[in-house]
Every structure is written in C-alpha cells, then in structure tokens.
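Below is one structure, written out as structure tokens, with a few remarks after it.
What follows is calculated from the coordinates using simple rules that are stated; it is not laboratory data. What you are looking at is a predicted structure, and each value in this text was computed from that prediction instead of being measured. Neighbour counts run over all protein chains shown; Cβ positions are idealised from the backbone, glycine included.
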Amino acid sequence: MWVKICGVSDRESLEGVCAAQPDAVGLNFYDKSSRYIEPETAAEFVAELPEEITPIGVFVNKTVGEILAITEQCSIRHVQLHGDEKADIAIDLAQRDPELSIIRAFRYTAANMTDLDEFCSECSKSAAPLAACLVDASVPGKYGGTGRSVPWKRFSIDFCQKTKPPLVLSGGLNPENVSRAIEVVQPWGVDVASGIESAPGVKDLQMMLDFVSAARNASLATGTST
C-alpha cells in the first residue's frame, strides 16, 4: 500500500515524517492553505528527505511555467495537480518535462466521474498518461484538507479501476478509519493531511506512525499491497 502524508510545512513535521516512513510526502505550494510551504523551505526539506520517501509538489491552479520553476528549484520530480486544471496543463507539463510524474486530484461527486474519464483519456491519447489519480471529498470552494470523507461504498461502485490510472484515496482518512476505507475501496494508495494533525497544519507524530501502520496492515489483510 502506497502511503502519502500531505502538507508538511515545518521542521518538526518533517522529522515526524522521516520517523513514520511513508512512501511519499506532499509539499503544498497553494498559498491560501494552512499547509503552505515556501519553495525555499521546501528545497531544504527535499534535500533532507531519505531516498525512500518521495517528495511530491502539490499545486492549485498555477501555470505550467510556475510549476516547472518550483519543481526545478526544489528538485521535485512528482507533481500533484489539485485545483481546476484541465488536461492540457498535464499534457503541457509532460511535453516540456517528460521526466515528471503527474498525479491528478479530483473532488468526487457522482456527477463528475465523466470529467475524470475524459481527463484520463485526453492525457493517454497525448502520450502523457497520469501516474495516478487522487480522489478527495468535494467541498465547495475548498481544495482538499477539509477532513471530509468520500462516500466509500458509493464511490467504489462509480470508479472502475481497470480503466483508469492507479487510485489514491484521500479525504477524511485518519488512523481509526483508514483500514475500513481500504477494505471498502481497495485503492492502490492512500493520502492523509488533516487526519493526522493536532491543529490545522500541525502534524502529530503518533498519529502519523499509527496511520502508516494501519494502512499497511490493512493492505496486507485485504491483499491490496503494492
């Protein structure tokens, strides 16, 4: 089970991530988020991460030029598009930097599954296939980190993993419910931000340790380990 801890913006949280040992850490470059991190600080954090933990830049409605400037400055090779980006943004990124790995985040409603299908299809046709799609809860005016959950049972019916990139489940996950979420949805990976925080943007070490352990144990029990 691929596990990502998202929204690390202070050194104490970085040290906690290194102790918890997820597969990836999200660095949030959306300046309206409580988890925002300056590119200069992110570059320092990336240099200090162990090789086993992949840094992922999280972007909301930035231009291709802005994204590429930050990924170069921070030595980040993985990008998560978490805003209202159209497929042409992902395609342009892939064409201008073929070594970038791109994850597209979607805020789930039963009505927007067609949008997700079309986005994935356009990227594949343009030789810019997505590395994964991350599905989060839909909260008007918000771009993630809300603590709201995706309706797991309904979503698992709507989402056909056989025809899409690997699924990363997000939205309202925490150490207590991640096992059940994995059992119901059987995603390729899970992503957490607010569910392991003692306050907005402040990561809790024990909760991080418990989340990573619960996710990996659940994946072994359900046969969804990667």
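Points worth noting:
- A DSSP coil position with no more than 10 other Cβ atoms inside 10 Å describes the following GluC sites (Glu not before Pro) in the range 15-63: 51, 52.
- Span-like helix ranges in the chain, DSSP H, alpha carbon extent 20 angstrom or more, Kyte mean at least -1.0: 205-222
- Qualifying trypsin sites (Lys or Arg not before Pro) in the range 2-55, DSSP loop, other Cβ atoms within 10 Å at most 11: 32
- Cross-link pairs beyond the 22 Å C-alpha cut-off, checked among 32/164; 32/125; 86/125; 125/164: 32/164; 32/125
- Within the chain, percent of DSSP bridges classed antiparallel, to nearest 5: 5 percent
- Sum of -39500 (n - 2.57) over DSSP H runs of 4+, divided by residues of the chain (222 nm, nearest 500): -11500 deg cm²/dmol
- Ordered from longest to shortest, the equivalent ellipsoid semi-axes for the range 1-103 are 22, 14, 12 Å, each the square root of 5 times a Cα gyration tensor eigenvalue.
- Panel values: the chain, Kirkwood radius from alpha carbon pairs, Stokes-Einstein at 37 °C and 0.692 mPa s, translational diffusion coefficient 189 µm²/s.
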